[in-house]
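Below is one structure; the comments refer to it alone.
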Amino acid sequence: VQRLTIEDGKFRIITDEGETSARAVIISSGASPKLMNIEGEDKFIGKGISFCATCDGALYKDKVVAVIGGGDAAVEEALYLTKFASKVFIVHRRDKLRATKILQERAFNNPKIEFVWRHVPKKVLGEQVVEGLEVESRVDGSTKVLNVSGIFVYIGLIPNTDFIAIDGLGRDDKGFIITDAEMRTNISGLFAAGDVRSKLLRQVSTAVGDGANAAFAAEKYLHGEG
């Protein structure tokens with residue numbers, strides 16, 4: 001989908017294969033991981049830079065990896081990576097984690113995890129694959145290199161909503177679409193489900209539930225019941 005608008009009381013959906021219209025639309029376009037926006041990142045995505053530890057963690061058996069971030073996702077995935085990696089650096093820009101207390105305790109007590117506090121990624125090093133990560137201190141600007149084979153990035157998500165051209169659509173401060181419990185937005189006939197929606201937990205299980213609720217609510221709407 002390239003563009004979603006409202007014209008003459010109906011939704012107009014423009015795709016790379018043509019156009020169509022609808023009385024109701026469910027937006028389930030998901031979200032994309034935020035990038036580090038540093039030198040070497042584009043070159044090594046899929047060649048040592050990953051956004052999914054459960055997908056790629058087993059590739060780093062007995063290797064050293066770095067996790068970027070300090071929230072629940074970062075710490076949870078770092079803990080998962082300790083099943084395979086010989087060592088896991090957690091690089092965090094602050095001096096304390098944002099993750100829940102129980103995750104923090106598990107990470108602090110895991111001998112395979114080492115924290116790199118008050119540092120941010122600066123440059124990805126390597127020839128064909130990742131061979132290291134240069135990080136910069138937020139305290140004095142000094143740099144150092146972490147000799148890692150993999151970098152897992154968990155610094156947030158960006159909702160995939162660039163194609164939506166509907167004025168007044170309710171969104172939160174990060175751009176995620178606001179809905180009620182039945183996945184209804186503030187625009188009549190427009191629903192949202194999954195990671196694109198403003199919510200606490202973003203997992204496959206919650207997205208599936210959102211989708212079921214949205215489909216049911218959209219059907220009710222089309223039959224004049226919602």
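Read the figures in this text as sums done on the coordinates, not as results from a lab. No experiment lies behind these values; they were computed from the predicted model shown. Please note: Cβ atoms are built from the backbone with ideal geometry, for glycine as well, and neighbour counts cover all protein chains shown.
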Of all DSSP beta bridges in region 73-226, antiparallel share, percent nearest 5: 70
Surrounding net charge for ALA181, when Lys and Arg each add one and Asp and Glu each subtract one, Cβ distance under 14 Å: +1
Span from the region 54-90 Cα centroid across to the region 114-143 one, whole angstrom: 16
Inter-label distance for ILE158 and ASP172, nm, one decimal - labels placed 7 Å from Cα along Cα-to-Cβ: 1.9
Fraction of alpha-carbon pairs over 17 Å apart in region 169-226 - percent: 32
Cα convex hull of region 33-108 - mean projected area over all directions, nm²: 5.2
Per-pair calculated FRET efficiency, R0 = 30 Å: LEU35 and GLU114 via Cβ, rounded to 0.05: 0.80
Peptides 64-77, 98-111, 128-141 ordered by average Cβ neighbours within 10 Å, highest first: 64-77, 128-141, 98-111
Value of [θ]222 nm, deg cm²/dmol, for the chain, DSSP H segments ≥ 4, -39500 (n - 2.57) each, nearest 500: -5500 deg cm²/dmol
DSSP beta bridges in region 35-153 [antiparallel fraction, %, rounded to 5]: 40
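Evaluate E = 1/(1 + (r/R0)^6) for LEU200 and ASP8, where r is the Cβ-Cβ distance and R0 equals 45 Å; express this FRET efficiency to the nearest 0.05.
0.75
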For the chain, fraction of C-alpha pairs farther apart than 28 Å, in %: 42
In region 104-226, lysine pairs with alpha-carbon atoms under 30 angstrom apart (chain gap of 8 or more, or interchain): 10
Region 58-184 pair-distance distribution - Cα-Cα, 10 Å bins, rounded %: 12, 35, 27, 17, 8, 0
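Starting with the highest mean, order 182-191, 154-163 by the number of other Cβ atoms within 10 Å, averaged over the residues of each peptide.
182-191, 154-163
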Distance in nm between pseudo-label sites at GLU105 and CYS52 (7 Å out along the Cβ direction from Cα): 3.2
